[in-house]
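Worksheet for the structure shown next.
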Amino acid sequence: MLTDSHTHLNAEQFNEDQDEMIQRALDAGVTRMVNVGFNRETIPSSIALAEKYDFIYSTVGWHPVDAIDMMPGDLGWIEELCKHEKVVAIGEIGLDYYWDKSPRDVQQRVFREQIQLARKLGMPIVIHNRDAHQDILHILKEEKAEEVGGIMHCFSGSWETAKQCLDMNFHISFGGPVTFKNAKQPKEVLAQVPLDRLLIETDAPYLTPHPFRGKRNESAYVRLVAETAAEIRGLTVDEIAEITTNNTIRLLGLK
């Protein structure tokens, strides 16, 4: 009963074997997948996948790396798509200070606009954060994001940062990096996150877990994240699967 709470099944890396890759996830016990649409190209194909498969859901949002490409009408387009029965969150949105394609002030404006939209619609948000912990927290607080909450996707911060996110009504999601042998901080944070706020994901085709690190990731590998989480928390894989699946269902309103 595993759930991959963040994946990119419509990425070009899966063009040759998308259906087979999805079947491998089902064979591995993954019963639900939340696919992320994050720009003008990936949003329509993400919704199309959710329409094709009962067990796939979609998010819609504008990624910070692509913030510079967001046109005046795109926020209204996202708002309209949020009416779709298979669209369950706005995201992934946030800040990315690693890549320099979009200026920071543009990223921050687009981030704020989408939080405001989420509050207007009462929808949870999915946060992308790369090298921007303090600005992310500052904007979430200023924009009253706790009113909708959501997911800190592939969390990489400290326990102090995690506590502030938890206080703002967010769930903490862990992906492949928590399985890496040198992943001291993610393991320490996972050990302390309340079980009712814990999620797991793949971010496939990126951030592949050990022992496949460096190869293409896919949703079936969320089981490897579950195994690491179970080991850290002293639970069985089935218990982690049930806990994180129920958390995702409750937060995103999945079937």
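Determine the shape class of segment 120-191: with a ≥ b ≥ c the square roots of the Cα gyration tensor eigenvalues, call it rounded for a/c under 1.5, and otherwise prolate if a/b is greater than b/c, oblate otherwise.
prolate
Show me, for segment 8-15, the HN-Hα J-couplings you get by feeding each phi into the Karplus relation (A = 6.51, B = -1.76, C = 1.60, θ = phi - 60°), rounded to Hz, glycine and proline as x.
10, 5, 8, 5, 4, 4, 9, 4
With +1 on each Lys and Arg Cβ and -1 on each Asp and Glu Cβ, how big is the dipole of segment 149-199 about its Cα centre, in debye rounded to the nearest 20?
Result for segment 149-199 is approximately 200 debye, rounded to the nearest 20.
Run the paramagnetic zone check for residue 227: 7 angstrom along Cα to Cβ, then residues of segment 6-35 with backbone nitrogen under 16 Å.
The answer is 25, 27-30.
Once Rh for the chain is found with the Kirkwood sum over Cα pairs, what is the Stokes-Einstein diffusion coefficient at 4 °C and 1.567 mPa s, in µm²/s?
73 µm²/s
Through the Karplus equation 6.51 cos²θ - 1.76 cosθ + 1.60, θ set to phi - 60°, convert the phi angles of segment 214-229 into ³J(HN,Hα) values in whole Hz; use x for Gly and Pro.
Ordered by residue, 3J(HN,Hα) equals x, 9, 5, 7, 8, 5, 4, 6, 4, 4, 5, 5, 4, 5, 5, 4 Hz.
How far is the Cα center of segment 1-17 from the Cα center of segment 40-82, in Å?
15 Å
Note down the nm distance, to one decimal, between modelled labels 7 Å out along Cα→Cβ at residue 31 and at residue 146.
With each label placed 7 Å out from Cα toward Cβ, I get 3.4 nm.
How big is the dipole moment of the chain about its Cα centre under a simple scheme where the beta carbon of each Lys and Arg is +1, that of each Asp and Glu is -1, and everything else is neutral? Debye, nearest 20, please.
Result for the chain is approximately 460 debye, rounded to the nearest 20.
Using a 10 Å cut-off around each Cβ, can you sort 53, 98 from fewest to most neighbouring Cβ atoms?
Neighbour counts put them in this order, fewest first: 98, 53.
Once the Cα gyration tensor of segment 1-99 is found, what semi-axes does its equivalent ellipsoid get, as square roots of 5 times the eigenvalues, in whole Å, sorted largest first? Before the final figure, lay out the partial values.
Working: eigenvalues 117, 45, 29 Å².
With the √(5λ) rule applied to segment 1-99, the semi-axes are 24, 15, 12 Å.
Using θ = phi - 60° and the Karplus form 6.51 cos²θ - 1.76 cosθ + 1.60, what ³J(HN,Hα) does each residue of segment 188-201 get, whole Hz, x for Gly and Pro?
For segment 188-201, the Karplus-derived couplings read 5, 5, 4, 5, 10, 5, x, 4, 7, 10, 8, 10, 10, 7 Hz, x marking Gly and Pro.
Given the options 246, 106, 219, identify the residue whose Cα lies farthest towards the positive end of the charge dipole of the chain (+1 on Cβ of Lys, Arg; -1 on Cβ of Asp, Glu).
246
Read the figures in this text as sums done on the coordinates, not as results from a lab. This one's a predicted model, so the numbers in the text were calculated from it and none came from an experiment. Using ideal geometry, Cβ is built from the backbone for each residue, glycine included, and neighbour counts are taken over all protein chains shown.
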